[in-house]
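These notes concern the structure reproduced below.
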Amino acid sequence: MTKTNFDYLKEADSDLYEIITDAEKLYRDEYFEQSMGQARRFGEHVCRNVLGKNRTTEVTFDEMLATLKDKIQGFEQEKEFIDDLYFLKKNGNISVHSGKVSHNGTLALECLQRAFEVGLNYAVYYQKNDADILKLQYDVELLVTGNRSKKSLSDKYLEAKDKAKPVEKPKKTKKKEQKEKPQVSSMKSVPKKNFNYGFWITVGVFLFVALCMVIYLLM
C-alpha cells in the first residue's frame, strides 16, 4: 500500500485518515481545487471532534470555529491550530464556490501542509498520541511519488541554496606585456691611454742636469 504523509492518523482516527488521504490522491492527479475542498472537509471534521460535547447549536464550520476560538486558553500552539483551520475553511470555500478552475497547485499544496499540522496537533493534544510525531515534516516527494524522501529538509534546503548561488566566472588575468630589455654586451670598450709628453720631457731635463753635474764633479 502506498505510504502517505498522514499515516500517523491511521490509529488516531481512521475516518479522518481516509478523508485527508483522498485529498492527497486528488492533488497527485492534479485535481487541485477538489483537493482543497477535501482538505476543508478534513478541517471541519477535526473541529467538530475537538469541540465534542462542548458543541451545542453550532452547525456550520464557521460557527464551530467561532466557539472553538472562544474556548482556547491562548497558548501559541492553540492559536496556530485555529489559524490553520481558518485557512482550510477559507480556501476550501473559495475552491468549491469558484466559477473558474484556477489549477492552483501551490495553494492546494499549502492546504495539505496546513492539514498535516492540524492532524499532528489533533493526534497529540486531543487523541493523546506520542508527542514524538510532532517532529514529522510534510514530505512533498512522498505526496507526488508515494516514496518517502531519503533526504532531510535541511539537506534539501542546502541543495536549493547551492543551486541558487550565481556561478562565479573565473577572472581573466591580464598577461603583462614583457618589455624587451636592451641587449647588454659583455664586451666593454677600454679607453685609449694618451701619451703624457710633459711628464717625459721633465724627466729628460732632470736626467740631463744630473748628467752634467756628474761630468763637472769628475773634472
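The values are calculated or read from the model by the stated rules, or taken from the named source; none is laboratory data. Here the structure is a predicted model, which is why all the values come from computation and not from measurement. Virtual Cβ from ideal backbone geometry, glycine too; neighbours counted across all protein chains shown. For the accessible areas, the whole protein counts, side chains as well, though only heavy atoms, and no ligand, DNA or RNA atoms are used. Shrake-Rupley method; radii C 1.70, N 1.55, O 1.52, S 1.80 Å.
If L120 satisfies all but one of (1) more than 27 Å from the chain's Cα centre (by Cα); (2) modelled with pLDDT of 90 or more, what's the number of the condition it fails?
(1)
Answer yes or no as to whether K53 is open to solvent by 70 Å² or more (accessible area, probe 1.4 Å), among the charged types (D, E, K, R) and either at pLDDT 90 or above or over 21 Å from Y125 (Cβ atoms) (or both). Lay out the reasoning, then the answer.
Details: open to solvent by 70 Å² or more (accessible area, probe 1.4 Å): yes; among the charged types (D, E, K, R): yes; either at pLDDT 90 or above or over 21 Å from Y125 (Cβ atoms) (or both): no.
The answer is no for K53.
Could we say that D15 is open to solvent by 70 Å² or more (accessible area, probe 1.4 Å), closer than 15 Å to G119 by Cα and at pLDDT 95 or above here? Give the steps one after another, and end with the answer.
Numbers: open to solvent by 70 Å² or more (accessible area, probe 1.4 Å): yes; closer than 15 Å to G119 by Cα: yes; at pLDDT 95 or above: yes.
Yes, satisfied.
Looking at (1) surrounded by fewer than 16 Cβ atoms within 10 Å (Cβ to Cβ); (2) closer than 24 Å to L134 by Cβ; (3) among the basic types (K, R), which one does K90 not meet, given that it meets all the others?
Here K90 clears every test but (2).
Taking the stated definitions as given, is L51 part of a helix (DSSP H, G or I) and touching a residue at least 24 places away in the same chain (Cβ under 8 Å)? Talk me through it step by step, then tell me what you get.
Working: part of a helix (DSSP H, G or I): yes; touching a residue at least 24 places away in the same chain (Cβ under 8 Å): no.
Here the answer is no, as L51 does not meet what is asked.
Let me spell it out: the conditions are (1) among the charged types (D, E, K, R); (2) modelled with pLDDT of 95 or more; (3) within 30 Å of the chain's Cα centre (by Cα), and R40 meets all of them except one. Which number is the exception?
For R40, the failing item is (3).
I'm checking my understanding of the structure. Among residues of the stretch 56-80 that are in a loop (DSSP other than H, G, I, E, B) and of a type in the set (S, T, Y), which one is least open to solvent (accessible area, probe 1.4 Å)?
Per the stated criteria, the residue is T60.
So that you can scan it fast, the table gives a plain yes or no per residue for (1) touching an Asp or Glu at 6+ places or on another chain (Cβ under 7 Å); (2) on the phi > 0 side of the Ramachandran plot:
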{"position": "Q77", "(1), (2)": "no, no"}
{"position": "F81", "(1), (2)": "no, no"}
{"position": "K90", "(1), (2)": "no, no"}
{"position": "L120", "(1), (2)": "no, no"}
{"position": "L136", "(1), (2)": "no, no"}
{"position": "L143", "(1), (2)": "yes, no"}
{"position": "G146", "(1), (2)": "no, yes"}
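Scanning for something closer than 17 Å to F6 by Cα and more than 31 Å from the chain's Cα centre (by Cα), does the stretch 45-56 turn up at least one residue? Please lay out each step first, then the result.
The first filter runs over the stretch 45-56 and keeps only residues closer than 17 Å to F6 by Cα, leaving 45-46.
Still in the running and more than 31 Å from the chain's Cα centre (by Cα): 45-46.
Checked the stretch 45-56: at least one residue is closer than 17 Å to F6 by Cα and more than 31 Å from the chain's Cα centre (by Cα).
Looking at the stretch 24-46 only, could you name the residues that are open to solvent by less than 40 Å² (accessible area, probe 1.4 Å) and within 24 Å of E63 (Cα to Cα)? Please lay out each step first, then the result.
Pass one, the stretch 24-46, residues open to solvent by less than 40 Å² (accessible area, probe 1.4 Å): 24, 27, 32-33, 35-39, 42-44, 46.
Matches in the stretch 24-46: E33, S35, M36, G37, Q38, A39, F42, G43, E44, V46.
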